[in-house]
Amino acid sequence: MTDTHKKKIAKSAAAVGIAVMCSRVLGLIREQVFAGLFGAGMTYDAFVVAFRIPNLLRDLFGEGALSAAFVTIFTAYDTTRTKEETYRLASNVLTFFLILLSLLTLIAIYFAGPLVTLLAPDFALTPGKTELAEKLTRIMLPFLVFISLSAVVMGMLNTKGKFFIPAMASSFFNLGSIVGGVSLAYILPRYGQPAIVGMAIGTLIGGVMQLGMQLPTLAKTGFRYRPTFNLRDPGLHRILKLMIPATIGLSATQITIFVNTNFASTCGDGAVSWLYYAFRLVQLPIGVFGVALSIAMLPVLAKQAAEKNISQMKKTMISSLTMVFILTLPATVWLMMLSEPIIRMIYERGAFTSFDTTATANTLAFFAIGLFAYSANKVLVPAFYALDKTKYPVIASFIAVACNIVIVSFTIDRFQHLAIAFSTSCTMLINFIFLMAVLYRSMGGYPLWALIKGVIKIGLACSGLCITVLLLRPQLQSYLTGNLPGQLLSLILIFLVSGLCYLALLHLLKLSEMNLLIEKIMAKFGKKHSPQ
């Protein structure tokens, strides 16, 4: 890959990473609000399962298959067709999915009861738990429509080189959820409704805000929506053709989560909540690093595929994977070694007890094992879309789901909810190995040795980070278990010192992708004008 392409991806990833970081921080604040108000028990278990249904559909139709397929075809149109043809396709896609997802939402609302029972059958053992989950599901299902249309708009903006604003959009989702949800959570009980209903309505408010805040930027690109509904549109057919296998290919984790929620509902009150709190936290580095690089890389890969430039595609993928490992391997070390103080600082207040802290921290450590593989898969799968070889992620998803069921079935009786977190990490590792092997064969090889050398250097730097944490933590243990300011400052100190050690070692080891990332991140922070 040329330096120009490397810099383009690093620059875009830096913009997206900063924006996603803002979103994830707000997301953590949102989870803190939930933890403080509802803790880990029946009410939050019901909310998690209710939100899981539209969230699963969102990942399949919105931020998963639809987004990847649309960007691939929209980029091809933008490269080879007129502006009018490109925007006509976009209008048709928006109309088609508005109608399709609205119908799907109405059907899901009607069948909310059976869906909840399918996902969490053991909720019926607790009086009122299934009924509450059904009610929350019906409230939150329209979220699917807003968030999926938001994904199409984001794909259009990314293709036009606009990364920061679309990535910031999810921050507005969290803002809407927090402000609208908390306000309603205090108001609705006066009218006989549970406080958690307010948080469910806040989710809808957030979805509307996430879509709405991208529209002004889209208008500036020259796009004007024209109501168009043409089922014979070849561009729409190409998107649907990519989506059908890609829906399964990108859904491995979500299908696994669906199955695991069913298993978790058998582990008693709190298990679903512990898993969700931990998984939301591990999503922070995944979103900031894996998703950011995936979003930044996809338009570049799609353009290279449209130009039949396979040699550059290989270099783009390897460089992007190296960037993923640079960022996620140290995050893995931190989350595994500091899981308990991190969970204590973020969640332990209000209804969230020290017992919940220990249970969630142990869960987080097991989730962290597969963090780098989870993030890497976010980069690998779009490469298959660009090559129009979407059947392989489908096969990988079936392998992952089958492995997950086997692992959990043999371990859940002994390890309860921890078996689910461990199995999720194992399946992500299996998925990663399979996709890497198949992509190597499909692309006629790629510069694997360059990736291995990069991973060796990153591993050496992580060893230095690990030693630094081991030396610092005993010295700060009293602060890590003390008051909130002490916890925060001591964790910041550990992250700062160990992180600087890690960066210094990578600099000494001369890893080029690290220098590019630092350069682009510093440039983004240094700009006084909009990153757009």
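Tell me the residue from 28, 66 that is part of a helix (DSSP H, G or I), at pLDDT below 80 and within 26 Å of residue 263 (Cβ to Cβ), please.
28
Quick one: what pairs do we get from region 191-204, first residue more than 12 Å from residue 34 (Cα to Cα) and part of a loop (DSSP other than H, G, I, E, B), second modelled with pLDDT of 90 or more and of a type in the set (A, V, I, L, M), C-beta under 6 Å, 6+ apart or different chains?
So the pair list comes out empty.
So, in region 219-235, how many residues would count as being touching a residue at least 40 places away in the same chain (Cβ under 8 Å), of a type outside the set (S, T, N, Q) and either surrounded by fewer than 21 Cβ atoms within 10 Å (Cβ to Cβ) or at positive phi (or both)?
Residues flagged as touching a residue at least 40 places away in the same chain (Cβ under 8 Å), of a type outside the set (S, T, N, Q) and either surrounded by fewer than 21 Cβ atoms within 10 Å (Cβ to Cβ) or at positive phi (or both) within region 219-235 amount to 9.
Being under 17 Å from residue 206 (Cα atoms), among the hydrophobic types (A, V, I, L, M, F, W, C) and either at pLDDT 90 or above or not in a helix (DSSP H, G or I) (or both), is that true of even one residue in region 124-138?
Looking through region 124-138, at least one residue is under 17 Å from residue 206 (Cα atoms), among the hydrophobic types (A, V, I, L, M, F, W, C) and either at pLDDT 90 or above or not in a helix (DSSP H, G or I) (or both).
Six or more apart or on different chains, Cβ under 8 Å: which pairs go from a residue in region 466-489 that's within 23 Å of residue 505 (Cα to Cα) and at pLDDT 90 or above to one that's outside any helix (DSSP H, G or I) and charged (D, E, K, R)? Could you list them?
none
Just one of the numbered conditions (1) in a helix (DSSP H, G or I); (2) farther than 19 Å from residue 439 by Cα; (3) at pLDDT below 80; (4) over 17 Å from the mean Cα position of the chain (by Cα) is not true of residue 258; which one?
Only one criterion in (1) in a helix (DSSP H, G or I); (2) farther than 19 Å from residue 439 by Cα; (3) at pLDDT below 80; (4) over 17 Å from the mean Cα position of the chain (by Cα) is unmet by residue 258, namely (4).
Please specify each residue of region 206-231 satisfying the condition of being assigned to a helix (DSSP H, G or I), among the hydrophobic types (A, V, I, L, M, F, W, C) and over 20 Å from the mean Cα position of the chain (by Cα).
Answer for region 206-231, where residues must be assigned to a helix (DSSP H, G or I), among the hydrophobic types (A, V, I, L, M, F, W, C) and over 20 Å from the mean Cα position of the chain (by Cα): 215, 218, 219.
Any residue in region 116-141 that's under 15 Å from residue 196 (Cβ atoms): show its pairings with residues that are among the small types (Gly, Ala, Ser) and assigned to a loop (DSSP other than H, G, I, E, B) at Cβ separation under 9 Å, as long as the two are six or more apart or on different chains.
Pairs found: 123/265; 129/120; 130/120; 133/120.
Quick one: which of 407, 420, 399 is free of Cβ contacts under 8 Å to residues at least 24 places away in the same chain and either assigned to a helix (DSSP H, G or I) or among the aromatic types (Phe, Trp, Tyr) (or both)?
407
Tell me, yes or no, whether region 419-437 has at least one residue that is hydroxyl-bearing (Ser, Thr, Tyr) and more than 24 Å from the chain's Cα centre (by Cα). Working first, answer last.
Taking region 419-437 as the starting set, the residues that turn out to be hydroxyl-bearing (Ser, Thr, Tyr) are 423-425, 427.
Filter again for more than 24 Å from the chain's Cα centre (by Cα), leaving none.
Looking through region 419-437, none of the residues is hydroxyl-bearing (Ser, Thr, Tyr) and more than 24 Å from the chain's Cα centre (by Cα).
The values are calculated or read from the model by the stated rules, or taken from the named source; none is laboratory data. These numbers come from a predicted model, not from an experiment. Don't worry about glycine lacking a Cβ; one is built from the backbone with ideal geometry, like all the others, and counts go over all protein chains shown.
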